[in-house]
Every structure is written in C-alpha cells, then in structure tokens.
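The values are calculated or read from the model by the stated rules, or taken from the named source; none is laboratory data. Every value quoted in this text rests on a predicted model; they were computed, and no experiment measured them. Glycine gets a Cβ as well: all are built from the backbone with ideal geometry, and neighbour counts include every protein chain shown. Heavy atoms of the whole protein, side chains included, go into the accessibility calculation; ligands, DNA and RNA do not. Shrake-Rupley method; radii C 1.70, N 1.55, O 1.52, S 1.80 Å.
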Amino acid sequence: MDVYEKVCIVCPRGCRLTIKKDETSLKGYTVEGNTCKRGAEYGIKEVTNPTRVITSTVKLKSDHLNRLPVVTKGGIPKAKMMESMKVISNVEVKPPVKEGEVIIENLLDTGVDLISSRTVEQ
C-alpha cells in the first residue's frame, strides 16, 4: 500500500496529513489528519499532480527599474518548474506594464499565464 506523509500548506494550521492509496475510495486515496475539506484535496493533489505558483522577476527596459515582478496566475506542475524558470529568465518587457497584464500566455502549455504583479509607467 502506498502511504505518504505531507504537511498541508493550504492554511496556517499545517495539518500533518497521511495519504493512503485506496482503490475503493472515489478519488483513489484516503486522507487522514486534515481538519478541513481543502486539506484532503491538497493531500491527494500533492501525491498525484503537485503544482506550485512561481513568483519571480523578468528584465525590464526602463530608466529607473531593471526588473519587473511577475507571478503565475495558478499552479504549474512541479516537474516543469526548472524549465519554466529558463523561459522566464529570457523574457524582457518594455513599459508601460499594468499589474495583472499577461507577460507569457499559457506558460509551457500548462494553461497558466505569467502576469505582472506591478504597474510600471513609461
């Protein structure tokens, strides 16, 4: 039987989860130790398809700033983190840029956009 131990990061509680493979369960896994439904969902997702949000910066062609903070609009598969960072490190944008503006659409075919997390005027 596959058994995984994880600490939930959905909220500040940090519940200690035990995720067990269970063919009889609707989702194929059972989760113990969570104090909310979101913890159970997190535990199953963490063992089946873990994702992470990327926060980083890209080059900015500006007189007063040289980096623009960016963030993915959702989680991308952990397995694509390094490749995503290689793509992000080669991006350069010019002002004006608005907060929430898409910098890279559908990053590495993940369905997740990379967006600006700051407005920079010209």
Checklist entry - Which residue out of Thr48, Thr55 is of a type outside the set (Gly, Ala, Ser), closer than 24 Å to Met85 by Cβ, open to solvent by 50 Å² or more (accessible area, probe 1.4 Å) and in contact (Cβ under 8 Å) with a residue 40 or more places away in the chain? => result Thr55
Checklist entry - Going by the structure shown, is Glu23 outside any strand (DSSP E or B) and buried (at least 17 other Cβ atoms within 10 Å of the Cβ)? => result no
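So, Tyr29, is that one free of Cβ contacts under 8 Å to residues at least 60 places away in the same chain, touching a helix residue (DSSP H, G or I) at 6+ places or on another chain (Cβ under 7 Å), open to solvent by 60 Å² or more (accessible area, probe 1.4 Å) and not small (Gly, Ala, Ser) or not?
Against the criterion (free of Cβ contacts under 8 Å to residues at least 60 places away in the same chain, touching a helix residue (DSSP H, G or I) at 6+ places or on another chain (Cβ under 7 Å), open to solvent by 60 Å² or more (accessible area, probe 1.4 Å) and not small (Gly, Ala, Ser)), Tyr29 does not qualify.
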Checklist outcome for this item: Here the residues within the range 15-26 that are in contact (Cβ under 8 Å) with a residue 12 or more places away in the chain and either farther than 12 Å from Asp2 by Cβ or in the same structural domain as Gly75 (by the TED database) (or both) are Cys15, Arg16, Leu17
